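The values are calculated or read from the model by the stated rules, or taken from the named source; none is laboratory data. Bear in mind that the values here come from a model prediction, so they are computed numbers and not experimental data. When we count neighbours, we look across all protein chains shown, and the Cβ atoms used for this are built from the backbone with ideal geometry, even at glycine.
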Amino acid sequence: MRDTSQILYKKLHADIEEARSALEATNEELKKTQAQLIQQEKLASLGQLTAGIAHEIKNPLNFINNFAEINEEFAIEIREAYAANADVKVADVLEALEALERNAAVIKQHGKRADSIVQSMMQHSSGGTRERQVVDVNSLVSEHVDLAYHGKRATLTDFTCSVVKDLGDDVGDASIVAQDFGRVILNLVGNAFDAVREHLQNSPGDFSPEIVVSTRREGTDLVVLVSDNGPGIDPEVIDKIFEPFFTTKPTGSGTGLGLSLSYDIITKGHGGSLSVESSPATGTTFRIVIPVVE
């Protein structure tokens, strides 16, 4: 009897050890998969950012090319005029030089704009700094709203949406992790864009898609609101939207990590809160609240 008990004990112990090893292996696989999905979500954000930047950078480049061409034509005209008449009036030459200087200033201005866009792209692609920086909140929000919008428009060229920026005059600067905060804006505006597009496809009549992004100060808090007039979020799932891997999008359209990462950035990274209000009648509003660190 004792021998039988020992045999059973050893077998049970071996089974437990085997199950524990299998569980540990499964846990490691889950951790690897989670890390891969988080990276996938970050790459999706980067792809959206890249598409937006490609659109944004066209504008300053067009200015640079156009005014460089005008300057070239001015230079040719001045040279030809001087060659034809050595007695060209100094006043005429000075007037032409002033025009060249004005055009050069425009080229320089838009060159700096293009450079700032490229620098933003480099920060996202290289990982950037995770330290807080004092930044102009309205400029940061406005830039990422534009990037999110144009990133979506790059793949959905047949769709347009009104984007309203209601940026408070009293917002000023705040100490935040600019890259992470920008990623949250990209995600929330991108989701809002998807929501109103879905509503347009499923709604008869004269529905006009609209996204409103607002900033303001409430006491010592910075508040950012991202609202859309889409279909709203199903009340049965609204409590789950900040959970990792939860998504209402079709399979293959999202990792379910965008809102989860955004929630962690705001709550853990900035000591703030990210909440949502939604109804079929009015759409959805995400509310970011961050204590301002002076």
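Yes or no, residue by residue, for (1) touching a Cys at 6+ places or on another chain (Cβ under 6 Å); (2) buried (at least 18 other Cβ atoms within 10 Å of the Cβ); (3) farther than 18 Å from Arg287 by Cβ:
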| site | (1), (2), (3) |
| --- | --- |
| Leu156 | no, no, yes |
| Ala174 | no, yes, no |
| Ala178 | no, yes, yes |
| Asn187 | no, yes, no |
| Glu218 | no, no, no |
| Asp221 | no, no, no |
| Glu236 | no, no, yes |
| Ile241 | no, yes, no |
Quiz item: When you go through (1) of a type outside the set (Asp, Glu); (2) in contact (Cβ under 8 Å) with a residue 12 or more places away in the chain; (3) out of contact with any Leu (no Cβ under 8 Å at 6 or more places or on another chain) one by one for Arg197, which number turns out not to apply?
Solution: (3)
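Give me the residue from the stretch 158-169 that is exposed (fewer than 14 other Cβ atoms within 10 Å of the Cβ) and either out of contact with any Ser or Thr (no Cβ under 7 Å at 6 or more places or on another chain) or modelled with pLDDT of 95 or more (or both) and, out of that set, farthest from Glu218 (Cα to Cα). Spell out how you get there, then give the answer.
In the first step, residues of the stretch 158-169 are kept if they are exposed (fewer than 14 other Cβ atoms within 10 Å of the Cβ); the result is 158, 160, 162, 164, 166, 169.
Filter again for either out of contact with any Ser or Thr (no Cβ under 7 Å at 6 or more places or on another chain) or modelled with pLDDT of 95 or more (or both), leaving 158, 160, 164, 166, 169.
Numbers: Asp158: 39, Thr160: 32, Val164: 21, Asp166: 15, Asp169: 13 Å.
Among them, the one singled out is Asp158.
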Self-check item: The listed residue being in the same structural domain as Glu277 (by TED's automatic domain parsing), closer than 14 Å to Ile290 by Cβ and in contact with a strand residue (DSSP E or B) (Cβ under 7 Å, 6 or more places away or on another chain), out of Val196, Val212, Val224
Solution: Val224
Quiz item: Any residue at all in the stretch 210-225 that is without any contact (Cβ under 8 Å) to a residue 12 or more places away in the chain and farther than 20 Å from Ser273 by Cβ?
Solution: no
Quiz item: Can you name every residue in the stretch 98-129 that is of a type in the set (A, V, I, L, M, F, W, C), at pLDDT 75 or above and either surrounded by 12 or more Cβ atoms within 10 Å (Cβ to Cβ) or not in a helix (DSSP H, G or I) (or both)?
Solution: Ala99, Leu100, Ala104, Val106, Ile107
Practice problem: Evaluate the stretch 130-138: report whether one residue or more is at pLDDT below 80 and of a type outside the set (S, T, N, Q). | Solution: yes
